[in-house]
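Scroll down for the structure; my scribbles are underneath it.
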Amino acid sequence: MGAPIQVHGHRGARAVFPENTLPAFLHAIEAGADVLELDLAVTRDDVLVVCHDPVLSRRCLGPGGSRVIRSLTLRELRRWDCGSIPHPRFPRQQPVPGAPVPTLDEIFELASRGRFLFNVETKIFRHRPRYTPSPDRYAELLLERIRAHRLERRVIVQSFDFRTLRAMKRLAPGIRLAALCQVGLRSFRMIARRALADIVSPDLRLLTRRRVAAAHRAGLQVVPWTANTPRQWDRLIRAGVDGIITDDPAGLIAYLKSRGLR
């Protein structure tokens, strides 16, 4: 058996708890996830917070007014409840009334609970610059927090927008980078080269055994998203992936154990 397949808890473990909330990350840690996958937004006062979208979801309850995180201070953002309304796609999800959007610092403070890694996605949008700082400033803010928690060796930075990855490479060449991709027929090697990354994270539908093997020959790792069923897990295992991003890290870990792969 080769290296074990890494289990990345997508947004913590949103199959069980509201995404990107502290309970979701704690559940992933307790389940034994190798990596906590999370998303970043940036408040008006330049605080990095953990939220998938730059605009608060309709599943977040708050005082009204703007839902654009970049227009809110951290204090204003804390007034929103993002844990009370369960996600209809995840019937097992347990609500956590009052759960706020956590800061990146709060998630990084979980590092002492294990040896897991953090896979941090910079959410940035080329055609919506008002939602985020510039790519260079975004990378600077993130690197400040990584260094403050001494997590340089435990953080992967991933993005669909490679500007922040290239900025991070200039600032801290030792931080690992992952290129997210959703569409297209370009080779994973070409995608990684554009992003200056050594990990490619494609939509699972882009995976073939041949594409994974070619990536491995180029010295790349392949970590697809987001696989939640045994059928999907089995296909990715056969393709030879290095890790799997899943909403159900406990379920994937149990499946890998049943296959003698963990």
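Each value in this text was obtained by applying a stated rule to the coordinates, not by laboratory testing. These numbers come from a predicted model, not from an experiment. Reconstructed Cβ throughout: ideal geometry from the backbone, glycine too, with neighbour counts over all protein chains shown.
Here are the numbers:
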item: 27 Å tail of the calculated P(r), the stretch 38-163, as % of Cα pairs; result: 20
item: Compactness relative to 2.2 N^0.38 Å, alpha carbon Rg of the chain; result: 0.97
item: Among A195, A172, A13, residue whose mean-square fluctuation peaks in a GNM of the chain (springs only between Cα atoms under 10 Å); result: A172
item: Isolated Cys in the chain, by beta carbon distance under 4.7 Å; result: C51, C181
item: Listed residues N228, N20, N119, most fluctuating in the chain (Gaussian network, C-alpha, under 10 Å); result: N228
item: Pair R153, S134: separation of 7 Å Cα→Cβ label points (nm); result: 3.4
item: Residue among A179, A214, A192 with the largest mean-square fluctuation in a Gaussian network model of the chain, springs linking Cα atoms under 10 Å; result: A214
item: Contact order normalised by residue count of the stretch 115-187, Cα under 8 Å, 6+ apart, percent; result: 35
